[in-house]
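Engineer: My questions all concern the structure below.
Every number here is computed from the coordinates shown, using simple stated rules; none is lab data. Predicted, not measured: the structure shown is a model, and the values here were computed from it. No Cβ is skipped: glycine too gets one built from the backbone with ideal geometry, and neighbour counts run over all protein chains shown.
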Amino acid sequence: MSKSENNILYRRIIRSYFSSVISISLVLFLVGTVGVLIVNARSVSNYFRENITVSAILSVEADEADASALADIIEDAGYVRGVRIITKEEGVEEMKEILGEDFLDVFEVNPVPVSLELQISAEYIVTDSLRVIEDALYAYPEVEEVVYQQSLVELLNANIEKIGLVAGVFVLLLLFISVVLINNTVRLNVYAKRFTIHAMRLVGATKSFISAPFVTQAFFQGLISGAIADVFILGALYLIRNEFYQLFSLFDAMMLGLVMIAVIVLGVLICMVSTAAGVRSLVSLTRNELYY
């Protein structure tokens, strides 16, 4: 074989290997992206839940000192993440935005009471728990009314459950498709070298001896593909950080690291197992079967 023919063959091998690595990397990138979303789904859902607040409106006679004393008591409750005092002046400003600047003209005294805005822990943002919290707040004589968006709570919880179910099915389907695609890509690469495998068998090479170089190559192929997929994932996270910093701050760095390690391990395992299975199936082929 001439030098030019060797160069052409070498370029074809490199091109085939490169295209396989990119194909596997893209599949692993999709798996890793979904994995990042799944492992951080709880943090994201908690973020939306904890943005729902419960307002405890005090009686008109209560002043800021009463509100401060009550806030100190309520903050010790296990279901409360934080308490904010809404003064009468702040309440007036909020009412002006809703009713207009002159809404106070019909009143002789300021009718807006002091109120407490409670940020509730995410695990308590369910209808039954909020009813218990509501009853507990009404037990304080200063509390005149407890207000929260019950319909929003029910809608949020229902949607989170639906999203969780759909995401679970999607992850299983994506994993199945990923395994099939990577397996087919690897097996096609092995099948392209069936004549080399047949020649090695003719000279007396054992199955393990024939498989060893292919499995080693598959190991590095999966390792490189997983590393490239991780680079893509980091790039996507960088874009999220720039555009949606508050959402990015919810992500757990340790879980992100575990997902990226899992992507590399998954790529290596699928490539090695698929290659080993493909080589073993080709070793047993007869000469005539190599052409079909």
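Engineer: Apply 1/(1 + (r/R0)^6) to the Cβ-Cβ distance of residue 60 and residue 132, taking R0 = 22 Å, and write down the FRET efficiency to the nearest 0.05.
Structural biologist: That gives a FRET efficiency of 0.25.
Engineer: If you don't mind, there's one more thing I want to ask. Find how much the distance from residue 159 to residue 227 grows on full extension, using 0.36 nm per residue of separation minus their present alpha carbon separation; answer in nm with one decimal.
Structural biologist: Contour length minus Cα-Cα distance gives 21.0 nm.
Engineer: Could you calculate the FRET efficiency of residue 199 with residue 261 from 1/(1 + (r/R0)^6), where r is the beta carbon distance between them and R0 is 51 Å, rounded to 0.05?
Structural biologist: Rounded to the nearest 0.05, the efficiency is 0.85.
Engineer: Another question about this same structure. Under a crude label model (7 Å from the Cα following the beta-carbon direction), how far is residue 248 from residue 18 in nanometres?
Structural biologist: The answer from the label model is 3.1 nm.
Engineer: Starting with the highest mean, order 135-145, 49-59 by the number of other Cβ atoms within 10 Å, averaged over the residues of each peptide. Please list the in-between numbers first.
Structural biologist: On the way: 135-145: 14.3, 49-59: 18.3.
Averaged packing, sorted descending, gives the order 49-59, 135-145.
Engineer: 7 Å from Cα along Cα→Cβ at both residue 87 and residue 236: what's the point-to-point distance in nm?
Structural biologist: Placing both labels 7 Å beyond Cα along the Cβ direction yields 4.8 nm.
Engineer: Stretch residue 75-residue 269 to full length: gain in nm at 0.36 nm per residue minus the Cα-Cα span?
Structural biologist: Between residue 75 and residue 269, full extension yields an extra 64.8 nm.
Engineer: Could you compute the FRET efficiency for residue 208 and residue 176, with r as their C-beta to C-beta distance and R0 at 30 Å, rounded to 0.05?
Structural biologist: Working: r = 30 Å, r/R0 = 0.99.
In this case the efficiency is close to 0.50.
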